[in-house]
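Down below is the structure, laid out as structure tokens.
The values are calculated or read from the model by the stated rules, or taken from the named source; none is laboratory data. Values in this document were obtained by computation on a predicted structure and should not be read as measured data. Here the Cβ positions follow ideal geometry from the backbone for every residue, glycine too, while neighbour counts run over all protein chains shown. SASA here: full protein model, heavy atoms, side chains in, ligands and nucleic acids out. Shrake-Rupley method; radii C 1.70, N 1.55, O 1.52, S 1.80 Å.
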Amino acid sequence: MTRQTDTPPAWDERTQLGTFLDYARDTARAKCEGVSAEDARRAPLPGSPLMTLCGLISHLRWVEHHWLEVMFLGEDPTGPLAEATDEDPDPEMRTAVDVPLPRLLADYESQSARYRRLVAEHDLDTTAKRPLRDGRHVDLRWVLLHLIEETSRHNGHLDVVRELLDGRTGV
């Protein structure tokens, strides 16, 4: 895998936001390199049965779907998040153990490429079609910042899970 850098090639806001999001995405994928198929589906934290490498990658993919397609573009939810309930709020993490990690990673990368194009086609000040629960409409800039935060936070979870699975640290 080609490692990205968090240093943007240009200093405009759009380039900086895109660079940081891509860096966080690449870090998530790198944390999964070389893991066995069995370990990718294993949840090593007893209190977190959904916290698997497969589950986390699936969650990242579907969180981006939610914020960019559902909230920003106003499309209807699809995939496992469309089935979320109060009793099963994270079906994308639960069902991910049935999907091979290489496929989850490929889907995440393919979707990331599509979203790079989507972001390039919209001004950062463009507001989301759907409001937050409090009725406010966020702009694309906020969505990108939120995705950077969300992906980076889950990279910490990927760190812990990977170390518990096979001792690998770094990346």
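Give me the percent relative contact order of the chain, please, defined on Cα pairs under 8 angstrom at least 6 residues apart. Write down the numbers at each step before the final one.
Details: 199 pairs, mean separation 49.8, N = 171.
Result for the chain is 29 percent.
Send over the semi-axes of the chain's equivalent ellipsoid, whole angstrom and largest first, taken as the square roots of 5 times the C-alpha gyration tensor eigenvalues.
On the way: eigenvalues 143, 85, 33 Å².
Semi-axes (√(5λ), whole Å): 27, 21, 13.
For the pair D86/S48, report the inter-label distance in nm, with labels modelled 7 Å from Cα in the Cβ direction.
2.6
Of I57, I148, which has the most accessible area and how do the rest follow, probe 1.4 Å?
Numbers: I57 0, I148 25 Å².
From most exposed to least exposed: I148, I57.
Looking at the square roots a ≥ b ≥ c of the eigenvalues of the Cα gyration tensor of the range 2-100, which shape do they give, rounded for a/c under 1.5, prolate if a/b is larger than b/c, or oblate?
Values: a/c = 2.76, a/b = 1.27, b/c = 2.17.
In terms of gyration-tensor shape, oblate.
Would you mind checking the tilt of helix 140-166 against the longest principal axis of the Cα atoms of the chain, expressed as 0 to 90 degrees and rounded to 10?
10
Between D139 and D107, what is the spin-label point distance in nm, taking each point 7 Å from the Cα along the Cα→C-beta axis?
About 3.3 nm, to one decimal.
Enter the angle in degrees (range 0 to 90, nearest 10) between the Cα long axis of helix 13-30 and the first principal axis of the Cα atoms of the chain, meaning the one along which they spread out most.
Tilt relative to the chain: about 10 degrees.
When a/c is below 1.5 the answer is rounded, else prolate if a/b is larger than b/c, else oblate, so apply that to the range 49-142 with a ≥ b ≥ c taken from the square roots of the Cα gyration tensor eigenvalues. Write down the numbers at each step before the final one.
Numbers: a/c = 2.71, a/b = 1.44, b/c = 1.88.
Oblate, since a/c reaches 1.5 and b/c is not below a/b.
For the chain, report the accessible area per residue in Å² (1.4 Å probe, heavy atoms, rounded to an integer).
Numbers: 8950 Å² over 171 residues.
That works out to 52 Å² for each residue.
What's the center-to-center distance, using Cα atoms, between the range 12-31 and the range 78-124 in Å?
17
Using a 1.4 angstrom probe on heavy atoms only, work out the carbon and sulfur share of the accessible area of the chain in %.
Exposed carbon and sulfur together represent 52 percent of the surface.
Pairing the Cα long axis of helix 53-64 with the longest principal axis of the chain, what angle in degrees results, from 0 to 90 and rounded to the nearest 10?
10
Divide by every residue of the chain the summed helix terms, -39500 (n - 2.57) for each DSSP H run of at least 4, and state the resulting mean residue ellipticity at 222 nm, rounded to the nearest 500 deg cm²/dmol. Intermediate results must be reported in sequence, preceding the final value.
Working: 6 runs with 85 residues, N = 171.
Counting only the DSSP helices, I get -16000 deg cm²/dmol.
What distance in nm separates the simple spin-label points at E121 and D12, each placed 7 Å from Cα in the Cβ direction?
Spacing of the two 7 Å Cα→Cβ label points: 1.9 nm.
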